[in-house]
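Let me begin by presenting the structure, written as C-alpha cells, before commenting on it.
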Amino acid sequence: MSAAREPTVIASAAGAVTTVTMNRPASLNSMTATMAAELLAALDRAAADRSVRCVVLTGAGRGFCAGQDLAELSAGPQPPDLGALLAASYRPLVARIRSMPVPLVAAVNGVAAGAGASLALACDIVVAAESASFIQAFARIGLIPDAGGTWLLPRLVGRARACGLAMLGDPLGAGEAERIGLIWRCASDDEFDGDVAALAARLASMPTAAMVAIRESLDATAALDLLAAFDVEAEWQSRLGAAHDHREGVTAFVEKRTPRFFDRTLGN
Ligand code: T3D
C-alpha cells in the first residue's frame, strides 16, 4: 500500500478568513502541475463558500513560491511547450485570483521568484516579510516574465523599473519593493504573521462587494481616458449605491456606530 501523499496546498479557516498555503517547502513551493491544480481547486472552494470574506495566499516554510518547478519542467523526454503550459496552468490561476468574489491578500513569507512573484503581484494587497524578496528569475533561464508579469510589472512600478527588474533578475528586498510601489507593505519578520492576520480580519469586515468592485474598476479603467472612467464608475456606483452595505455604511455613520456589512455579492 502506498503512503498518502502530502497535499501540495492546504486551506485553513479562521472566522471569515481562509488561508491557502502552497505546501512544497523543500523546493520553496515551486509550482508543479499538481500544485497548480490543487491551488485552483482551493481558491474555487473559497470562492464558493459564502462564509469566506477574505483569502490569504502564502507559502509553507521559508519560501512563498520559487516559480515553475524546473525539475518537473526538465523531466520529460521532450522540452515542453511553455506557451501551452502557461495557458493550461497559470492563466486559469491568475484569472481565478483576479475574479475572486472576496479580497485576496498575498502574504509573502519568503522568496517569490518567477511565476511565484507574478502570482503574488496579481493579488489585491501584497504584504511581505522584511526578509522576503521578489526575483524576476525568468531572464536567468532565457524567458520573459510570465503568468501576467509583463502586464503587472510596468503598471505597478513603471516601465524603467519593470525593464531593469526583468532584464537583470536581481533579488528585490521587501523594503525596497514597498518603497518603489511594487507591494503594499513590508512588515518586520516578527510582526509579519500578526500584521497579515489583522489586515485579513479588517478586510473581512469591510463591504466585500465594494472591495471586489474596486479591483474590477481599477482594472477596467486602466486602459481608458479620464472621462471614459466616469462611465465605469457610474455603473458600479449605481449598483453599489442600491445595495445593503451602502445604506448600512451611511446609517452607521449618522448613528455614530460601527457598520455591520454583509453583502458578499451584489443582488443578495
Ligand atoms: O509556462 C511557462 O512559461 C514556464 C514557466 C516559467 C515561469 C517561471 O516561473 S520561470 C522561473 C523559475 N524559477 C526560477 O528560475 C527560480 C529558481 N530558484 C532559484 O533561483 C533559487 O532557488 C532562489 C533564488 C529562489 C532561492 O535560492 P536559495 O539559495 O534560497 O535556495 P536554493 O538552495 O536555491 O533552493 C532550495 C531548494 O529548492 C533546492 O533544492 P535542494 O537542492 O535543497 O534539493 C532547489 O533546487 C529547490 N528549488 C528552488 N527553486 C526551484 C527549486 N526546485 C525546482 N524548481 C524551482 N523553481
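For (1) at pLDDT below 95; (2) open to solvent by less than 30 Å² (accessible area, probe 1.4 Å); (3) farther than 18 Å from residue 115 by Cα, each residue gets a yes or a no:
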{"site": "157", "(1), (2), (3)": "no, yes, no"}
{"site": "169", "(1), (2), (3)": "no, yes, no"}
{"site": "173", "(1), (2), (3)": "no, no, no"}
{"site": "179", "(1), (2), (3)": "no, no, yes"}
{"site": "193", "(1), (2), (3)": "no, no, yes"}
Exercise. What strands (runs of 3 or more DSSP E) completely inside region 113-191 contain at least 1 residues that are within 12 Å of the ligand (Cβ to nearest atom) and of a type in the set (S, T, N, Q)?
Worked result: 133-135
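If you take the residues in region 75-112 that are near the ligand (Cβ under 9 Å from one of its atoms) and either in a loop (DSSP other than H, G, I, E, B) or on the phi > 0 side of the Ramachandran plot (or both), which one is most open to solvent (accessible area, probe 1.4 Å)? Show your work before the answer.
As a first pass, look at region 75-112 and keep what is near the ligand (Cβ under 9 Å from one of its atoms): 80-90, 110-112.
Now restrict to residues that are either in a loop (DSSP other than H, G, I, E, B) or on the phi > 0 side of the Ramachandran plot (or both): 80-81, 110.
Numbers: 80: 58, 81: 104, 110: 4 Å².
Only one residue tops the list, namely 81.
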For this session: Would you confirm whether any residue within region 12-26 is within 10 Å of the ligand (Cβ to nearest atom), over 19 Å from residue 107 (Cβ atoms) and open to solvent by 40 Å² or more (accessible area, probe 1.4 Å)?
Result: yes
For this session: Working only within region 60-74, note down all residues that are open to solvent by 80 Å² or more (accessible area, probe 1.4 Å) and more than 8 Å from the ligand (Cβ to nearest atom).
Result: 74
Exercise. Does region 51-59 contain at least one residue that is open to solvent by 10 Å² or more (accessible area, probe 1.4 Å) and in a loop (DSSP other than H, G, I, E, B)?
Worked result: yes
Exercise. When only residues in region 28-50 that are closer than 18 Å to residue 71 by Cβ, crowded, with 17+ Cβ neighbours inside 10 Å and among the small types (Gly, Ala, Ser) count, which is farthest from the ligand (Cβ to nearest atom)?
Worked result: 36
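The values are calculated or read from the model by the stated rules, or taken from the named source; none is laboratory data. Note that the structure is predicted; figures quoted are calculated from it, not measured. In this analysis, Cβ positions are derived from the backbone assuming ideal geometry, glycine residues included, and neighbour counts consider all displayed protein chains. The protein model used for the area step is the full one, side chains on, heavy atoms only, and it has no ligands, DNA or RNA in it. Shrake-Rupley method; radii C 1.70, N 1.55, O 1.52, S 1.80 Å.
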